[in-house]
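Visitor: Could you have a look at this structure, given as structure tokens, before my questions?
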Amino acid sequence: MEPVILASSSPRRQEILKNLKIPYQVIMPNIIENNSSEKNPAELTESLAKLKVQAVVHSLPPKQVIPWVLGADTIVSLGGKNLGKPSSPDEAFEYIKSLQGKTHTVYTSIALYNGAKRLTVTKTASAKVTFAPMTQKEIEAYVETGDWHGAAGGYRIQGMASCFITKIEGTQSCIVGLPIFELYDILKSQGYSIID
């Protein structure tokens, strides 16, 4: 298999590629993520995933052969408001406080650049997550763990937040940040096979 450039430093996304035995290298995109709360969350994640891919493609030397670049973006949407990555413990507290006792939707878009065709294609997945009601003490204890760092909505389902998640509708890989079915489907559509 040809190596894929992953336009993300996310350990969870890297772990998924490793588990699928897809060779990859990481190149971080140099972009400013603007998680505007007014935008449609699916359109926002798609545009950010594409922006990450384009930033990496444009950062490489002009004569370098670029076979594949993969980007992804995840956002949490609750009641028409988009929650990106909290920038402080206070913001993480507010995010978790707003999510507790409610159901929200997680959107993850992936963008794949096919160097042979000079074409970028995208796919978006969504999943619903329900949090149990939480006390102030529980929210404070969670924020103190630091699990919220770099996580859309301020939580990861594979961390302490899982103690408070009562229901998931959709795939866990979407919530983790790289939906596996959509990844397989988008690679297959571009002639990249992971089962040969």
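Visitor: I want to confirm something. Restricting to the stretch 77-103 and keeping residues that are in contact with a helix residue (DSSP H, G or I) (Cβ under 7 Å, 6 or more places away or on another chain) and under 30 Å from D185 (Cβ atoms), which single residue is surrounded by the fewest Cβ atoms within 10 Å (Cβ to Cβ)?
Guide: Looking at residues that are in contact with a helix residue (DSSP H, G or I) (Cβ under 7 Å, 6 or more places away or on another chain) and under 30 Å from D185 (Cβ atoms), I get L78.
Visitor: Answer yes or no: is there a residue in the stretch 178-189 that is without any contact (Cβ under 8 Å) to a residue 40 or more places away in the chain, farther than 17 Å from A49 by Cβ, part of a helix (DSSP H, G or I) and open to solvent by less than 60 Å² (accessible area, probe 1.4 Å).
Guide: No, the conditions are met nowhere in the stretch 178-189.
Visitor: A further question on this structure: (1) open to solvent by less than 10 Å² (accessible area, probe 1.4 Å); (2) without any contact (Cβ under 8 Å) to a residue 40 or more places away in the chain; (3) not basic (K, R): which one isn't true of V129, the others all being true?
Guide: Every condition holds for V129 apart from (2).
Visitor: Right, something else. If you take the residues of the stretch 104-118 that are open to solvent by 10 Å² or more (accessible area, probe 1.4 Å) and touching a residue at least 24 places away in the same chain (Cβ under 8 Å), which of them is farthest from Y192 (Cα to Cα)?
Guide: So in the stretch 104-118, the residues open to solvent by 10 Å² or more (accessible area, probe 1.4 Å) come out as 105, 107, 113, 115-118.
Of the ones still in play, those that are also touching a residue at least 24 places away in the same chain (Cβ under 8 Å) are 105, 107, 113, 115-117.
Working: T105: 30, Y107: 24, Y113: 11, G115: 12, A116: 11, K117: 13 Å.
Ranking the candidates gives T105 first.
Yes/no matrix, rows are residues, columns are (1) part of a helix (DSSP H, G or I); (2) under 18 Å from R12 (Cβ atoms); (3) charged (D, E, K, R):
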| position | (1), (2), (3) |
| --- | --- |
| W148 | no, yes, no |
| I157 | no, yes, no |
| S162 | yes, yes, no |
| Y192 | no, no, no |
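Visitor: Inside the stretch 62-76, can you point out the residues that are over 13 Å from the mean Cα position of the chain (by Cα) and either under 30 Å from Q100 (Cβ atoms) or open to solvent by 20 Å² or more (accessible area, probe 1.4 Å) (or both)?
Guide: Going through the stretch 62-76, the residues over 13 Å from the mean Cα position of the chain (by Cα) turn out to be 62-69.
P62, K63, Q64, V65, I66, P67, listed by residue number.
Visitor: Same structure again: Residue check, T130 against (1) assigned to a strand (DSSP E or B); (2) under 18 Å from T45 (Cβ atoms); (3) not small (G, A, S), all met but one. Which one?
Guide: Evaluating T130 over (1) assigned to a strand (DSSP E or B); (2) under 18 Å from T45 (Cβ atoms); (3) not small (G, A, S) leaves (2) as the failure.
Visitor: Regarding the stretch 29-40, can at least one residue be identified that is outside any loop (DSSP other than H, G, I, E, B), polar (S, T, N, Q) and modelled with pLDDT of 90 or more? Don't jump to the end; show me each part of the working.
Guide: Start the filter on the stretch 29-40 by keeping residues that are outside any loop (DSSP other than H, G, I, E, B), which leaves none.
Within the stretch 29-40 (the criterion being outside any loop (DSSP other than H, G, I, E, B), polar (S, T, N, Q) and modelled with pLDDT of 90 or more), the answer is no, since none of the residues qualifies.
Visitor: Sticking with this structure for a sec: From the set of residues in the stretch 146-170 that are open to solvent by less than 70 Å² (accessible area, probe 1.4 Å) and of a type in the set (V, I, T), which is farthest from I96 (Cα to Cα)?
Guide: My answer is I168.
Visitor: Of the numbered conditions (1) of a type outside the set (S, T, Y); (2) touching a Ser or Thr at 6+ places or on another chain (Cβ under 8 Å); (3) closer than 14 Å to L112 by Cβ; (4) open to solvent by 70 Å² or more (accessible area, probe 1.4 Å), E2 satisfies every one except a single condition; which is it?
Guide: (2)
Visitor: Q136 passes all but one of (1) more than 23 Å from S10 (Cβ to Cβ); (2) surrounded by 20 or more Cβ atoms within 10 Å (Cβ to Cβ); (3) of a type in the set (S, T, N, Q); which number fails?
Guide: Among (1) more than 23 Å from S10 (Cβ to Cβ); (2) surrounded by 20 or more Cβ atoms within 10 Å (Cβ to Cβ); (3) of a type in the set (S, T, N, Q), the lone unmet condition for Q136 is (2).
The values are calculated or read from the model by the stated rules, or taken from the named source; none is laboratory data. Since the structure is predicted, the reported quantities are computational estimates derived from the model, not experimental observations. Because the Cβ atoms are built from the backbone with ideal geometry, glycine has one as well, and the counts that use them run over all protein chains shown. Note: areas computed on protein heavy atoms with side chains; ligands, DNA, RNA excluded. Shrake-Rupley method; radii C 1.70, N 1.55, O 1.52, S 1.80 Å.
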